[in-house]
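The values are calculated or read from the model by the stated rules, or taken from the named source; none is laboratory data. It should be emphasised that the depicted structure is a prediction, and the values quoted were computed from it without experimental measurement. Cβ placement follows ideal geometry from the backbone for every residue including glycine, while neighbour counts extend to all protein chains displayed. Heads up: the accessible areas ignore ligands, DNA and RNA and are worked out on the full protein's heavy atoms, side chains in. Shrake-Rupley method; radii C 1.70, N 1.55, O 1.52, S 1.80 Å.
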Amino acid sequence: MWGACRWAVRGLRPLSTAARRTYAAGSQYQYILVEKRGERQNVGMIQLNRPKALNALCDGLMMELIQACESFDEDPGIGAIVITGSDKAFAAGADIKEMQSKSFQDCVNSNFLSNWGKVSEVKKPIIAAVNGFALGGGCELAMMCDIIYAGEKAQFGQPEILLATIPGGGGTQRLTKTVGKSLAMEMILTGERISAQEAKQAGLVSKIYPVEKLVEEAIQCGEKIAKNSGLIVSMAKEAVNGALELSLAEGNRLEKKLFHSTFATEDRKEGMSAFVAKRDANFKNQ
Ligand code: CAA
């Protein structure tokens, strides 16, 4: 059942034995696969798993994704989260078929897509490992993450204009702040995609890897983060995110407050004591 052929058809990579067991035993999730990865099982991995629709982000998938992110966020054994898709698609956007018949009133009354913002409220760092298409909501989901690694054949785009709508998951804001006005306008007004290489040049992506190595590299990045104090990592994440939301003066004030706060923690004492004593630090998230 779990042979190479089935994975090849779906364009997915085989999961570890543990994940297969969870899935076979009847996972609580329909649209995602969830497992713990890394030598210390301290990286939470979420794989979007709606291959026939190129991981289009239907309501059910987004609800599951948010639930999985929140449960990893609460799990003290997890230090970082990786979100990935298949080799063909990270995600091809919001589900157009689901959205097709919505009226203006439906959108306003349900505050359509407002729940997506919960991904960016997760305190632990999230790494997006993007192979294939990251379009529309898929690109926006990647940008809600903290680090984006791309496979060599990844493509990023905000093609909503071709459907006579505009990005609704933060794309006009995050893309512009990340790649600058000219490229963001070009992508959003023409609907054209950019390659992984162009995305790296524009600062959207931090690293590019061969397709088959991408997820492992993202997990290794997660393991490096997870070695540090989780308490301080979440402060660092908050401070960096402040740069996207606040003025320079406000951002510097936030940074200073968080920096000073690290001096109230056991982990800060441990980190500096370990350096001075030339030994490894033993962080306790306190
Ligand atoms: N929603 C629903 N279904 C989708 C989808 C989407 N966003 N993207 C792809 N699919 C479905 C297709 O309908 C198709 O299903 P069927 O087999 O049932 O027909 C299946 O996935 C495979 O897709 P294609 O046959 O089109 O595959 P392809 O390789 O020829 O093309 C693609 C791939 C270029 C990604 C193309 O599917 C495409 O352009 N998809 C739409 C991309 C898009 O417009 N995204 C933005 C959505 S709006 C949005 O995201 C708003 C927002 O800001 C949140």
Give me the pairs: first residue in the stretch 52-64 and under 20 Å from C139 (Cβ atoms), second residue among the polar types (S, T, N, Q) and within 11 Å of the ligand (Cβ to nearest atom), beta-carbon distance under 9 Å, and six or more apart or on different chains, which are they?
L61/N55
E212: passes all of (1) closer than 21 Å to A92 by Cα; (2) open to solvent by less than 90 Å² (accessible area, probe 1.4 Å) but (2)
Hits in the stretch 237-251 (condition: part of a helix (DSSP H, G or I) and either surrounded by fewer than 17 Cβ atoms within 10 Å (Cβ to Cβ) or touching a helix residue (DSSP H, G or I) at 6+ places or on another chain (Cβ under 8 Å) (or both))
E238, A239, V240, N241, G242, A243, L244, E245, L248, A249, E250, G251
Please go through the stretch 168-179 and give me each residue that is open to solvent by less than 30 Å² (accessible area, probe 1.4 Å) and away from the ligand (no atom under 14 Å from the Cβ), ordered by number.
V179
What single numbered condition from (1) open to solvent by 60 Å² or more (accessible area, probe 1.4 Å); (2) in a helix (DSSP H, G or I) fails to hold for K153?
(2)
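With A25, A19 as the choices, which residue is open to solvent by 80 Å² or more (accessible area, probe 1.4 Å), over 28 Å from A164 (Cα atoms) and modelled with pLDDT under 95? Talk me through it step by step, then tell me what you get.
On the way: A19 fails: open to solvent by 80 Å² or more (accessible area, probe 1.4 Å).
Just one listed residue meets the conditions, A25.
For (1) open to solvent by 60 Å² or more (accessible area, probe 1.4 Å); (2) in contact (Cβ under 8 Å) with a residue 40 or more places away in the chain; (3) touching a helix residue (DSSP H, G or I) at 6+ places or on another chain (Cβ under 9 Å), each residue gets a yes or a no:
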| site | (1), (2), (3) |
| --- | --- |
| V130 | no, yes, yes |
| E140 | no, no, yes |
| C145 | no, yes, yes |
| I161 | yes, no, yes |
| I166 | yes, no, yes |
| I194 | no, no, yes |
Among D59, D73, which is closer than 30 Å to F283 by Cβ and either among the acidic types (D, E) or modelled with pLDDT under 95 (or both)?
D73
Wholly enclosed strands (runs of 3 or more DSSP E) of the stretch 35-145 bearing at least 1 residues touching a strand residue (DSSP E or B) at 6+ places or on another chain (Cβ under 7 Å) and away from the ligand (no atom under 12 Å from the Cβ)
43-48, 80-84, 126-130
